[in-house]
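Trainee: This is the structure, below, for whatever I ask next.
The values are calculated or read from the model by the stated rules, or taken from the named source; none is laboratory data. Every value quoted in this text rests on a predicted model; they were computed, and no experiment measured them. Note that we place each Cβ from the backbone using ideal geometry, even for glycine, and neighbour counts take in every protein chain shown.
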Amino acid sequence: MIILVINCGSSSIKFQLFDMPSKKDLAKGLIERIGEEDAKITYKHNGEKLVEVLPIKDHKEGLSKLAQVITDAETGVVSSLSDIEAVGHRVVHGGEYYSSSVVIDDIVLKAINDCADLAPLHNPPNLMGITEAINMFPGVKNVAVFDTAFHQTLPEYAYTYPISHSYYDKYKVRRYGFHGTSHSFVAGRAAELLGKPLSEVNLITCHLGNGCSITAVKNGNSIDTSMGLTPLEGLVMGTRSGDIDPAILFYLAKKENLTINDFDRILNKESGLLGISGISNDQRNLEDIQDSNKMAKLALDIFDYKLKKYIGCYLAVLNRVDAIVFTGGIGENGHLSREKSCSDMDALGVEIDTKKNEETIRGKEGDISKASSRVKILVVPTDEEGQIASDTYQLVK
Ligand code: ADP
């Protein structure tokens, strides 16, 4: 069964074609800068890479371009669009409606739209992608895979904020958590590597990319996670602050006459590694200069310290932990962050093997803990698209 996976952002479409159930990667690509004269499509198939810069007006045109490349006589991997039997969509927010993936119908479309207030940057483009796919692939089943779904098992005391309960009653203000597809995928893979059923493992999964989140997984279920109502809470990220004292906002608002929109920009786009260093949101760039640049080093130290604090929290929450699992661009490659966040924790049963850690990079899976470490430390490359394809296949087969 050929399945197309689509991840529609506000100005981008990420896509991948799979042959299921073998999960064979037939082709994948990225359309960026939608709405611009110099939009760009990058497309990979059969080990070849095609890059084209062209004007793309909107998501509809973007998906037409996608349809063209995958069916093209030279670059195509299917002879016609009717070869595609299902489409899986990444949807960021499913609110309290969905705790697993679901075949899309009118009720699901309405629920995704209802959650748009909670994820204004994500759900509207996700919905646009779904609507266009429904038109483009008539009669084909579309499946929504939610970033929030995996975290719907959080207990009430972990998802409720300590503010007036009326805000939950009226507006559903609570912790939802994100990156669920990735946390769920790496948890499943970690259980396989540990040789135990998922329902018997306790894990701390760290998804560290441009956005970063950490999850406590008990017996295979998410029981706490660092992102909250929105993906701004928790760990330090590329440009997002993560946790800060909320009163900083009142203080700065008075000092600098700042508005809600200013804080939205400051905390989401101008903070984190970029804000502290004043140089870059990219962990690699900061690592390259940290020996000679004090602020780059400080940014990395704060990132790793916050990560270590959360690992400590979740060790306490879970008590018995089988493994700490690292994934995402930094989690998979950033051996310095892994080392710093897991060092000096031998009394807690966490012992990292520095040599194995340094050797585990670039998409490699591995156990980077010492043989004596009670808690294993694993690196598991994430595969959100593959997980979306698997969920889609399970629901439509
Ligand atoms: P996204 O969340 O956008 O999918 P990624 O998962 O690709 O992002 O992660 C991007 C982050 O991974 C960047 O901070 C980048 O610096 C970091 N990264 C990638 N490779 C390395 C590396 N070799 N060492 C340290 N950090 C890395």
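Trainee: When region 138-163 is examined, which residues are found to be part of a strand (DSSP E or B) and not β-branched (V, I, T)?
Mentor: Answer for region 138-163, where residues must be part of a strand (DSSP E or B) and not β-branched (V, I, T): K141, N142, A144, F146.
Trainee: Counting just the residues of region 35-78 that are among the hydroxyl-bearing types (S, T, Y) and over 19 Å from A133 (Cβ atoms), which one comes out surrounded by the most Cβ atoms within 10 Å (Cβ to Cβ)? Explain how you work it out, then say what you get.
Mentor: As a first pass, look at region 35-78 and keep what is among the hydroxyl-bearing types (S, T, Y): 42-43, 64, 71, 75.
Filter once more, keeping what is over 19 Å from A133 (Cβ atoms): 42, 75.
Numbers: T42: 14, T75: 17.
Ranking the qualifying residues of region 35-78, first place goes to T75.
Trainee: Check I330 against each of (1) hydrophobic (A, V, I, L, M, F, W, C); (2) under 29 Å from I266 (Cα atoms); (3) within 16 Å of the ligand (Cβ to nearest atom); (4) surrounded by fewer than 18 Cβ atoms within 10 Å (Cβ to Cβ) and name the one condition it does not meet.
Mentor: (4)
Trainee: May I pose another question? Out of E61, E52, E37, I need the residue that is of a type outside the set (S, T, Y) and in contact with a Lys or Arg (Cβ under 8 Å, 6 or more places away or on another chain). Which one?
Mentor: The conditions single out E52.
Trainee: Further question on the same structure: Pick out the one residue from V103, V108, V53 that is modelled with pLDDT of 95 or more and more than 26 Å from the chain's Cα centre (by Cα).
Mentor: The match here is V53.
Trainee: Given K340, K308, K356, which one is surrounded by 14 or more Cβ atoms within 10 Å (Cβ to Cβ), among the charged types (D, E, K, R) and within 15 Å of the ligand (Cβ to nearest atom)?
Mentor: K340
Trainee: Identify, by number, the condition in (1) more than 16 Å from the ligand (Cβ to nearest atom); (2) under 28 Å from A158 (Cα atoms); (3) free of Cβ contacts under 8 Å to residues at least 40 places away in the same chain; (4) surrounded by 14 or more Cβ atoms within 10 Å (Cβ to Cβ) that D262 doesn't meet.
Mentor: Against the list (1) more than 16 Å from the ligand (Cβ to nearest atom); (2) under 28 Å from A158 (Cα atoms); (3) free of Cβ contacts under 8 Å to residues at least 40 places away in the same chain; (4) surrounded by 14 or more Cβ atoms within 10 Å (Cβ to Cβ), D262 comes up short only on (2).
Trainee: For region 185-237, name all the residues that are part of a strand (DSSP E or B) and closer than 23 Å to S280 by Cβ. Quick ask: steps written out before the conclusion?
Mentor: Residues of region 185-237 that are part of a strand (DSSP E or B), as a first pass: 203-208, 212-218, 221-225.
Across region 185-237, the qualifying residues are C206, H207, L208, C212, S213, I214.
Trainee: Please work out which residue is nearest to the chain's Cα centre (by Cα), limiting yourself to region 340-397 and to residues that are under 30 Å from F18 (Cα atoms) and hydrophobic (A, V, I, L, M, F, W, C).
Mentor: I388
Trainee: Next question. Quick check, is R240 touching a Leu at 6+ places or on another chain (Cβ under 9 Å), assigned to a helix (DSSP H, G or I) and surrounded by 18 or more Cβ atoms within 10 Å (Cβ to Cβ)?
Mentor: The answer is no for R240.
Trainee: So, one more: For the condition crowded, with 16+ Cβ neighbours inside 10 Å and at pLDDT 95 or above, what is the one hit in D301, D322?
Mentor: Exactly one residue qualifies, and that residue is D322.
Trainee: Related question: Listed residues E96, E74; which is at pLDDT below 95 and either touching a Phe, Trp or Tyr at 6+ places or on another chain (Cβ under 9 Å) or more than 25 Å from P138 (Cβ to Cβ) (or both)?
Mentor: That would be E74, the only listed residue that is at pLDDT below 95 and either touching a Phe, Trp or Tyr at 6+ places or on another chain (Cβ under 9 Å) or more than 25 Å from P138 (Cβ to Cβ) (or both).
Trainee: Identify, please: which residue in region 359-397 is of a type in the set (S, T, N, Q) and within 16 Å of the ligand (Cβ to nearest atom) and is, among those, surrounded by the fewest Cβ atoms within 10 Å (Cβ to Cβ)?
Mentor: T360
Trainee: Let me ask you something else. Sort out which residues of region 281-303 are free of Cβ contacts under 8 Å to residues at least 12 places away in the same chain and assigned to a loop (DSSP other than H, G, I, E, B), and write them in order of number.
Mentor: If the condition is that a residue be free of Cβ contacts under 8 Å to residues at least 12 places away in the same chain and assigned to a loop (DSSP other than H, G, I, E, B), then Q290, D291, S292 are the ones that fit.
Trainee: Determine which single condition L267 fails, assuming it passes every other condition in (1) assigned to a loop (DSSP other than H, G, I, E, B); (2) more than 16 Å from the ligand (Cβ to nearest atom); (3) buried (at least 17 other Cβ atoms within 10 Å of the Cβ).
Mentor: (1)
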